[in-house]
1. Can you give me the number of residues within segment 119-178 that are among the basic types (Lys, Arg) and within 21 Å of LEU221 (Cβ to Cβ)?
2. Filter segment 76-100 for residues that are closer than 19 Å to PHE222 by Cα and in contact with a Ser or Thr (Cβ under 7 Å, 6 or more places away or on another chain) and give the result.
3. Can you list residue pairs whose Cβ atoms sit under 9 Å apart, with the first residue in segment 279-291 being in the same structural domain as THR18 (by TED's automatic domain parsing) and free of Cβ contacts under 8 Å to residues at least 12 places away in the same chain and the second being part of a helix (DSSP H, G or I) and surrounded by 12 or more Cβ atoms within 10 Å (Cβ to Cβ)? Count only pairs 6 or more apart in sequence or on different chains.
4. When you scan segment 323-349, how many residues do you find that are under 17 Å from CYS290 (Cα atoms) and either touching a strand residue (DSSP E or B) at 6+ places or on another chain (Cβ under 6 Å) or among the small types (Gly, Ala, Ser) (or both)?
5. Looking only at segment 12-39, count every residue that is under 23 Å from the mean Cα position of the chain (by Cα) and either without any contact (Cβ under 8 Å) to a residue 24 or more places away in the chain or part of a strand (DSSP E or B) (or both) and tell me the total.
6. Given the conditions (1) farther than 26 Å from LEU203 by Cβ; (2) among the β-branched types (Val, Ile, Thr); (3) under 19 Å from the mean Cα position of the chain (by Cα), and given that THR287 satisfies all but one, which numbered condition is not satisfied?
7. Quickly run through segment 88-105 and pick out the residues that are under 21 Å from the mean Cα position of the chain (by Cα) and farther than 22 Å from SER189 by Cα.
Amino acid sequence: MSYLNLYPVIDNYTYLNTANSGILSTMAQDWRSKHDTEFLLEGSNHRVQHASIFPELKQNLAKLFGSEVEQVFLVPNFSFGFNTLLDGLDKKHRFLLLDEDYPSVNYPVRSRGFEYSTVPISGNIEEHILTAIEDFKPSAFAFSLVQYISGLRLSPNFIKTIKQDYPDLLLIADGTQFCGTAPFNFESSGLDAILSSGYKWMLGGYGNGFALVSDQLRTQLFQERKKAALPTENFLQGKDYLSLCFEPGHLDTLNFGTLNQSLYHLQSIGLENIEQTTQSICARARTEFCSRGLLNAELLEREVQSTIISLPLAPPICEKLIEAKILFSNRGAGSRFSFHFYNTQEDLDRLLSALDGKN
C-alpha cells in the first residue's frame, strides 16, 4: 500500500529516520487546522467542547496496549513521566541500568542519588542482566525496550521471565523506540511501568506521551504526598494522587488530540500488520548490510529484532546519503536507519544504491 498521499514527506525524501522523529499525516494536519480554527473563533468554549479528548485518548491507549484505563496517565513526554515516577519512589531503591542507555533513562536515576549498577550492552545482554540481578540484587530495573543507538531489543519473553523469577523487582521501561512498532499487552508483559513519548513511532507529533503503571507499582508511589488531603475544588474532582502528579495543570488538547488521531490510524492498520511489514523489510535490509560487511554479526543473530539498524559508515558515505536525500541519524559510533510501515523496498534499494556508490 502506498502512503504518499497521507505522508507527503516520503515523497520528498527517503525517510529512514522515524527513530529520530515520526512524521505528520495529512489527516492529522487537517484535524489540527480545524482544532485551531475553532479555538480562534470560540475561545473558552473550545476548551469545553474538546474536554472529551483526554478520556477518549486514555481509552484508546488502554485498548491498543492492553491495560486498564485507570493505569493510563498522559504526560508531555517520556522524560517528564519518568522523572515524575522516580520522584514518587522510595529513595532506598537500588537500580539496575544498562550502559549507554538513553540519557533520559540513566541520568535521572544517577542524579537523584539512587544506588545503582550498570550492565554492558552486548549480543548476550540477557545473560549479563541475570548475573547482575543475582549479584547486585536491585529492587528496580529501568531500561529502554529498544536501544536508541544499536537498535538492540530485549525479548518480551525474557522480561516476563524476570518478573516470574523476581516478582518484587520493579521493571520500568522506556517504550519510546518501541511503542507503535509491534503488538503489546501491558497486563501480560511483566512490566510495572512503560512510558513513551508520542512523536516517534506513534506518529503523534511533539508534546505528548503516556505512562502505563501497574497496580503493584501504583501502591508504592508518592507515599509522602498521600499524607496530605486531596484538593476539594470542583474542577479537580475525580483526581487522585497519581493523576495530580503525572497530569498537573491543564493538558494540551492540540498535542494530545494529535496523538489520538494517530492512534485511530494505527488501529486501522493494525499493530500486527505494522510489525509484519517492518520486520520483513528490516530482515531484507540486515541481509544486504551483512553481505557488505556493515552489520555486527552478534546483533544479527538475535531472535527478536527492532526496527532500528546502526551501520559504521565513514563521513564521505554519509555525505553521499545526504546528497541522495536519504534521511537518517548519526548516533554513537554509527549511522542509524529506522524503518516504519510507510517504508518500501524501493526505499531500501535507494539506500543500497547510495551505499554502493551508484547514485
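The values are calculated or read from the model by the stated rules, or taken from the named source; none is laboratory data. Keep in mind that this is a model prediction, so the values were computed, not measured. Note that each Cβ is placed from the backbone with ideal geometry, even for glycine, and that neighbours are counted across all protein chains shown.
1. At the first step, the residues of segment 119-178 found to be among the basic types (Lys, Arg) are 137, 153, 160, 163.
Right, trim to within 21 Å of LEU221 (Cβ to Cβ) and you get 163.
Residues meeting the conditions: 1.
2. Going through segment 76-100, the residues closer than 19 Å to PHE222 by Cα turn out to be 78-95.
Matches in segment 76-100: PHE78, SER79, PHE82, HIS93, ARG94.
3. That search, which allows pairs on different chains as well, returns THR287/LEU300; CYS290/LEU300.
4. Result for segment 323-349: 5.
5. Quick first cut of segment 12-39, residues under 23 Å from the mean Cα position of the chain (by Cα) only: 14-29, 32.
Right, trim to either without any contact (Cβ under 8 Å) to a residue 24 or more places away in the chain or part of a strand (DSSP E or B) (or both) and you get 14-15, 17, 26, 29.
Qualifying residue count, segment 12-39: 5.
6. (3)
7. Step one: list which residues in segment 88-105 are under 21 Å from the mean Cα position of the chain (by Cα), which gives 95-105.
Those that are under 21 Å from the mean Cα position of the chain (by Cα) and farther than 22 Å from SER189 by Cα: ASP99, GLU100, PRO103, SER104.
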